[in-house]
1. Looking for whichever is touching a Lys or Arg at 6+ places or on another chain (Cβ under 9 Å), touching a residue at least 40 places away in the same chain (Cβ under 8 Å), of a type in the set (Val, Ile, Thr) and assigned to a helix (DSSP H, G or I) here; the options are Ile630, Ile645. Which one fits?
2. Of all residues in the range 304-328, which are part of a helix (DSSP H, G or I) and under 13 Å from Gly358 (Cβ atoms)?
3. Go through the range 410-435 residue by residue and tally those that are in a loop (DSSP other than H, G, I, E, B), under 25 Å from the mean Cα position of the chain (by Cα) and surrounded by 17 or more Cβ atoms within 10 Å (Cβ to Cβ).
4. Within the range 357-379, which residues are free of Cβ contacts under 8 Å to residues at least 40 places away in the same chain and not hydroxyl-bearing (Ser, Thr, Tyr)?
5. Here are some residues: Ser198, Ser186, Ser191. Which one is in a helix (DSSP H, G or I) and either modelled with pLDDT under 95 or loosely packed, with under 14 Cβ neighbours inside 10 Å (or both)?
6. Is there any pair with a first residue in the range 49-76 that is near the ligand (Cβ under 10 Å from one of its atoms) and a second that is among the aromatic types (Phe, Trp, Tyr) whose Cβ atoms are under 7 Å apart and which are 6 or more apart or on different chains, and what are they?
7. Could you pull out every one of the strands (runs of 3 or more DSSP E) wholly within the range 48-115 that has 3 or more residues that are out of contact with any helix residue (DSSP H, G or I) (no Cβ under 8 Å at 6 or more places or on another chain)?
8. Could you go through the range 279-287 and let me know if any residue there is surrounded by 17 or more Cβ atoms within 10 Å (Cβ to Cβ), within 16 Å of the ligand (Cβ to nearest atom) and either in contact (Cβ under 8 Å) with a residue 40 or more places away in the chain or within 30 Å of Phe379 (Cα to Cα) (or both).
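The values are calculated or read from the model by the stated rules, or taken from the named source; none is laboratory data. A quick note: this is a predicted structure, and the numbers were derived from the prediction, not measured. As a convention, Cβ positions derive from the backbone with ideal geometry for all residues, glycine included, and neighbour counts pool all protein chains shown.
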Amino acid sequence: MAEYNRVSECVGLITLRNPPVNALSAAVRQGIVDTVQRALSDPNVKSVVICGQNGIFCGGADIKEFGSNMTGPPLIPMIHAIESANKPVVAAIEGSALGGGLELALGCHYRIAHSKARLGLPEVSLGLLPAAGGSQRLPRLIGVPAALNLITTGRHVTAAEALQLGIVDQVTDHNTVAAAVKFALSVAGRSLDPRRISTHPCPQQPDLDALFEEVMQKVRQSARGAIAPIACVQAVRAAATLPYAQGMERERELMATLFTSGQARALQYCFFAERAVGRWRMPSGARWDTSKPRPVHKAAVIGLGTMGRGITVALAQTGLSVIAVETQEKQLMEAKQAISGMLERGAKRRGVAPALDGVIYSQNIQAVADVDLVIEAVFEDIALKTKVFQQLSAVCKPGTLLCTNTSALDVDQLASETPNPELVVGMHFFAPAHVMKLLEVVYGPRSSPQAVATAMQLGKKMGKASVAVGNCRGFVGNRMLKPYIEEAFFLLEEGATPELVDQALEEFGFPMGVFRMSDLSGLDVGWRVRKGDGLVEPGTASGRSARIRQGRRYSPLGDLLCEEGHFGQKTGRGWYQYDKPGSRVARFDPWLHSFLGAYRAQHGLVARRIDHQEVLERCLYALINEGFHILDDGIAAGPEDIDVIYVSGYGWPRHRGGPMFYANMVGLAKVLERLEHYQQLHPEVPHLQPSSLLRRLVASGSPPIHKWGEAIKKLHSQL
Ligand SMILES: CCCCCCCCCCCCC[C@H](O)CC(=O)SCCNC(=O)CCNC(=O)[C@H](O)C(C)(C)COP(=O)(O)OP(=O)(O)OC[C@H]1O[C@@H](n2cnc3c(N)ncnc32)[C@H](O)[C@@H]1OP(=O)(O)O
């Protein structure tokens, strides 16, 4: 909807009204068409101002409409009518002007922005391009290089940068609408021809071909299979080389391809999934909207290894006072230096002052007596963590939330060591904790809804994609990773190479295949876990029986490499070789290949040809299958939780929407059929046994992913 008022006698003020972000729904577009028409036909009106209600100009096209039959007036002619108006139209931009919102503003003759406003064309992150003339008007206004940067990255710019680039004409710290009305009065009667961006040629650019080639190469490299960034470059190229009308035609063609692509669906699903995970719920029925978080002003971190340092930085950057505790003096001094460096570099990048004074260092756990929340990040050892939790329970003021950053231990067991288990939750950060977006908030059966709400709110404040999950071995992310990695090991035994497996996964869109990733994180990490599980045996046994442990197929390949001291990048040898320890460029390792040959010979395994499809099906479907188990167990509340975890923490390509969305796209029946096929070939591999939920979903007609929640509830109630 759009509301119309006449203000200052001769200014028509149009206010977009569609909370929460004034998205351009059919009703809003109709409202704009009607009110613009009214303003232009009113002889008392000399100029027009368009603004949005509640401090936000416009968040763009209504993304929810994309999934349905679109009705109402189309955007392009609506914006064209504004640009062609014979009275000046001024956009008063507060909050955000994004996507179609900025395209609407670019159709206006002038743009006034509040100093805190953000502007951008983020369509690329939804698998689209700015298709309401944005790809054609922006390069004409600010030049090709700057427009390419904004459109291919989708980044939001501040009002100050927008002014510098020439996107807005004026920035105000005061009432934006009042400033725009004043401005509109001052320009009434002036010629509008120079203000109609679509009539301008693109500013001249030397070596246009070379520029586009360079940008296209860069974009292809970073897109990892995503098609929208490439279409964005093509659309801007059309703006630079074709007359406006033909450029618009090209924009439309490119948009039509993107609009109907699976990638756009996947990316738009991710947009809504990231918001849906904030509406968490627990099996007890506790929910985000009925659980009030406690305020957290002061926090503490116990243990300043890699994780503790990153968590301290992330907390301090949020503006919290942090007590950072490390009992060993030398480690404390090293940590202090490292944390200060990270804070300084982060502040420099963001153009703010480093929050160095926000962190107080101590060797004494008593220093945390008055904090609101503690995050324990000591070594992964249950006895050590138990001791720390007992100390914290004695030291902290009543009501302090006790969080563990464990990635593998039982949160409920730790909770049971404290007098107030309801105050205990897991906050599972990912390394480096001040950079990685993901946070798993792990609740045990006794965690209070308030504790979960507090950790979730803190995670949001820290800018993390925070997902509430139940307590189980590996939580959600690492639990699903286990079958994925095991399948990759089995593929090596059967004849694949690390290069082949990694190439298949990287072509799928992962930034790193499983073996390059394992070299980066260290082979010894998994070795330690397998030893703890009693799976590691001396490497001399041979034959099939040596590869069945605890009743299931087991590959000792990773253990054998560790016995050789091959821990990955840090030792310069792993699944690949590196120029020196710590170096990052993975190279083919002839030793590894003869080692694999000797291993297969020792175990009577005959190498066979394995193709990319088998790699993808076995690794990804095993991971997805575990995702179904997790849903069935109630560890994740819905597929969105799993998908956000994988996209934001495990490198799952965003344009494929996350593992559960991918399964939905491939077709549940097909995933089930392939799992059954591989399970028949490898009966000693339990993780290839299709989950009962997957079977039940297929049996109930494979409902689309947004209906899984209902289907799961129904299927459970039938049990
Ligand atoms: C057959 C072939 C046909 C081919 C041709 C088809 C042509 C179709 C014509 C299209 C013309 C193209 C027009 C344009 O170029 C395309 C676009 O504009 S796409 C949209 C671009 N905009 C964005 O990407 C902005 C998205 N939003 C945000 O970034 C943020 O929401 C915000 C605006 C910065 C506000 O942030 P916050 O304050 O943190 O709030 P939330 O993010 O939590 O959002 C609150 C709430 O609002 C929902 N929402 C936000 N934006 C939109 C939107 N644009 N449409 C719909 N809904 C939106 C969001 O989901 C939250 O709701 P919840 O999910 O929590 O219920």
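1. Ile630
2. Residues satisfying the conditions are Thr312, Val313, Ala314, Leu315, Ala316, Gln317.
3. We begin by selecting, within the range 410-435, every residue in a loop (DSSP other than H, G, I, E, B); these are 410, 417-420, 430-435.
Right, trim to under 25 Å from the mean Cα position of the chain (by Cα) and you get 430-435.
From the residues that got through so far, the ones that are surrounded by 17 or more Cβ atoms within 10 Å (Cβ to Cβ) too are 430, 433-434.
Residues that pass the stated criteria total 3.
4. Asp357, Ile360, Gln363, Asn364, Gln366, Ala369
5. On the way: Ser198 fails: either modelled with pLDDT under 95 or loosely packed, with under 14 Cβ neighbours inside 10 Å (or both); Ser191 fails: in a helix (DSSP H, G or I).
Result: Ser186 is the single residue among Ser198, Ser186, Ser191 that is in a helix (DSSP H, G or I) and either modelled with pLDDT under 95 or loosely packed, with under 14 Cβ neighbours inside 10 Å (or both).
6. Ile63/Phe271
7. Answer list for the range 48-115: none.
8. Step one: of the range 279-287, the residues surrounded by 17 or more Cβ atoms within 10 Å (Cβ to Cβ) are 280-282, 286.
Keeping just the survivors that are within 16 Å of the ligand (Cβ to nearest atom) gives 280-281.
Among the residues that remain, those that are also either in contact (Cβ under 8 Å) with a residue 40 or more places away in the chain or within 30 Å of Phe379 (Cα to Cα) (or both) are: 280-281.
For the range 279-287, residues surrounded by 17 or more Cβ atoms within 10 Å (Cβ to Cβ), within 16 Å of the ligand (Cβ to nearest atom) and either in contact (Cβ under 8 Å) with a residue 40 or more places away in the chain or within 30 Å of Phe379 (Cα to Cα) (or both): present.
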